[in-house]
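Structure first, commentary second.
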Amino acid sequence: MHELIFQLKNQQEINFSNILDQIQVADLETIFDGVNNSRYIFHYLHSMDRFFINPEDYVYEGEKLFGIPENLSVVDSNRQGYEKDTSIVIPREKLLSYFDFVKTKIQKYLENLTVEELFQKPENCEYSRFELILGQIRHQFWHIGLSSAITFESKHIWNEFTGLNGLRSKFWIKNFFEELRKSIFYSIFVYRKI
């Protein structure tokens, strides 16, 4: 894997960590500018699902898989599909399931992406893959900040934030337990031979 792709992948893992932390503590029912917070969260998850890879080759699967109508991602009353009903709150479990779906999809995409493809435009798309990825990272930051502020205003708590060092510590923990698992299996293997 090229270093540029590797770094993009790692930075997106940090974003995933922040998104997960945010969804877990978010006040989903609080209304801001006519839309509840669960819809803002769904909006940015849906945007990641649609625009991170290729918006021109996209099929929404969230309604079939998680029971979330796609039009609930529309948070601007001037856009087609906007649902004004603020009593429709998307349950946290559904948001977390959709997040896992989107995360897995993006991880697989980044795992197979080459640096040559990064600067090419997907079929029928006006933006390069790099522009799409950077656009979604920007969009994630904006919406995570908005949703976090809504939660702070209602619950007076901030969600956890993971920065560059957080990724290192998460890798360290993962590697520690992987090595521990290997040593346990090794011990069992050696013990059986004795």
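List of remarks:
- If you go through the stretch 50-66 and keep only what is in contact (Cβ under 8 Å) with a residue 40 or more places away in the chain and of a type outside the set (D, E, K, R), you end up with Phe51, Phe52, Ile53, Asn54, Pro55.
- The stretch 32-66: number of residues that are outside any helix (DSSP H, G or I) and farther than 24 Å from Leu134 by Cα: 5
- Of all residues in the stretch 40-66, those satisfying the criterion of being farther than 13 Å from Tyr98 by Cβ, out of contact with any Pro (no Cβ under 9 Å at 6 or more places or on another chain) and either crowded, with 17+ Cβ neighbours inside 10 Å or at pLDDT below 95 (or both) are Tyr40, Phe51, Phe52.
- Ile14 vs. criteria surrounded by 15 or more Cβ atoms within 10 Å (Cβ to Cβ), over 24 Å from Glu126 (Cα atoms) and modelled with pLDDT of 95 or more: no
- If you go through the stretch 147-169 and keep only what is modelled with pLDDT of 90 or more, under 22 Å from Gln12 (Cα atoms) and buried (at least 18 other Cβ atoms within 10 Å of the Cβ), you end up with Ser147, Ser148.
- Residue match in the stretch 69-79 (condition: of a type outside the set (Val, Ile, Thr) and under 22 Å from Thr162 (Cα atoms)): no
- Enumeration of residues in the stretch 23-39 that are closer than 24 Å to Tyr82 by Cα and either of a type in the set (S, T, N, Q) or open to solvent by 10 Å² or more (accessible area, probe 1.4 Å) (or both): Asp27, Leu28, Glu29, Thr30, Ile31, Phe32, Asp33, Gly34, Asn36, Asn37, Ser38
- Of the residues making up the stretch 100-124, those that are open to solvent by 10 Å² or more (accessible area, probe 1.4 Å) and under 24 Å from Val75 (Cα atoms) are Asp100, Phe101, Lys103, Lys105.
- Against the test of being modelled with pLDDT of 75 or more and either more than 19 Å from Phe51 (Cβ to Cβ) or within 22 Å of the chain's Cα centre (by Cα) (or both), the options Arg192, Arg181, Arg138 yield a single qualifying residue, Arg138.
- Odd one out for Lys9 among (1) surrounded by 13 or more Cβ atoms within 10 Å (Cβ to Cβ); (2) in a loop (DSSP other than H, G, I, E, B): (2)
- In a residue-by-residue description of the stretch 67-88, the property of being in contact (Cβ under 8 Å) with a residue 60 or more places away in the chain, in a loop (DSSP other than H, G, I, E, B) and buried (at least 18 other Cβ atoms within 10 Å of the Cβ) applies to no position.
The values are calculated or read from the model by the stated rules, or taken from the named source; none is laboratory data. Since the structure is predicted, the reported quantities are computational estimates derived from the model, not experimental observations. Cβ coordinates were reconstructed from backbone atoms using ideal geometry, including for glycine residues, and neighbour counts include every protein chain displayed. For accessibility, only protein heavy atoms count, side chains too; no ligands or nucleic acids. Shrake-Rupley method; radii C 1.70, N 1.55, O 1.52, S 1.80 Å.
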